[in-house]
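Here is the structure we will look at.
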Amino acid sequence: MTTATVWQTIARLKQLLSDEQDMLLSGRARDVVTLSQDKSDALKEIDTYLGKDHRGALPAHQIGQIQIVVKLASENATHFDAIRNGLRHAVDRLETLHAGAYVGAYTRNGQRVPFAEVTGRFQRKV
């Protein structure tokens with residue numbers, strides 16, 4: 001892989017992370033999966049390049065570009081955490097609502113008779 005190719009790959013990865021962030025911020029988190037293969041490929045290409053003793057040979061501006069990629073990825077991870085926490089709290093609220101719900105009938109005296117404990121004491125009315 002040449003230095004020019006690495007530049008193109010880094011630019012492509014930055015664009016992918018920017019697109020991912022746009023999707024996350026616009027409520028399209030499930031669409032992010034469409035970018036995962038391209039991101040993975042780009043990271044493999046960069047890792048292959050850096051693994052070939054080019055790590056110390058990177059000019060300062062390339063290091064800066066890689067730091068931008070790391071920053072974007074970190075921001076997106078924070079957005080994913082926020083989405084996960086929001087979903088977890090929504091599920092907790094729904095479970096709480098379900099736990100407090102009562103399904104049954106009432107006697108003439110106002111006592112509760114849950115349908116789960118009913119054994120044929122009710123008549124159907126049309």
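The values are calculated or read from the model by the stated rules, or taken from the named source; none is laboratory data. Remember, it's a predicted structure, so these values are computed and weren't measured experimentally. Glycine also receives a Cβ, built like all others from the backbone with ideal geometry; neighbour counts cover every protein chain displayed.
Worth pointing out:
- Among the residues of region 1-23, the ones that are within 14 Å of residue 48 (Cα to Cα) and surrounded by 15 or more Cβ atoms within 10 Å (Cβ to Cβ) come to 3 in all.
- Qualifying residue in region 89-99 (condition: at pLDDT below 90 and in contact with a Phe, Trp or Tyr (Cβ under 8 Å, 6 or more places away or on another chain)): no
- Those residues of region 32-65 which are surrounded by 14 or more Cβ atoms within 10 Å (Cβ to Cβ) and among the β-branched types (Val, Ile, Thr), in sequence order: 32, 46
- Single residue of 43, 35, 13, 87 found to be in contact (Cβ under 8 Å) with a residue 40 or more places away in the chain and either closer than 30 Å to residue 114 by Cβ or within 24 Å of the chain's Cα centre (by Cα) (or both): 13
- Filtered by the rule that a residue be among the small types (Gly, Ala, Ser), farther than 17 Å from residue 74 by Cβ and part of a helix (DSSP H, G or I), region 1-28 gives 4, 11.
- Test: residue in region 50-62 that is out of contact with any Phe, Trp or Tyr (no Cβ under 6 Å at 6 or more places or on another chain) and under 30 Å from residue 86 (Cα atoms): no
- All conditions but one from (1) touching a helix residue (DSSP H, G or I) at 6+ places or on another chain (Cβ under 6 Å); (2) over 27 Å from residue 83 (Cα atoms); (3) of a type in the set (Val, Ile, Thr) apply to residue 69; the one that does not is (2).
- Given (1) surrounded by 12 or more Cβ atoms within 10 Å (Cβ to Cβ); (2) not in a helix (DSSP H, G or I), number of the condition residue 68 does not satisfy: (2)
- Looking across region 66-81, the residues that are closer than 17 Å to residue 45 by Cα and free of Cβ contacts under 8 Å to residues at least 40 places away in the same chain come down to 67, 70.
- Here residue 94 does not qualify as out of contact with any strand residue (DSSP E or B) (no Cβ under 9 Å at 6 or more places or on another chain), in contact (Cβ under 8 Å) with a residue 12 or more places away in the chain and hydrophobic (A, V, I, L, M, F, W, C).
- Among all residues of region 90-99, there is none that is part of a strand (DSSP E or B), more than 26 Å from residue 3 (Cβ to Cβ) and not small (Gly, Ala, Ser).
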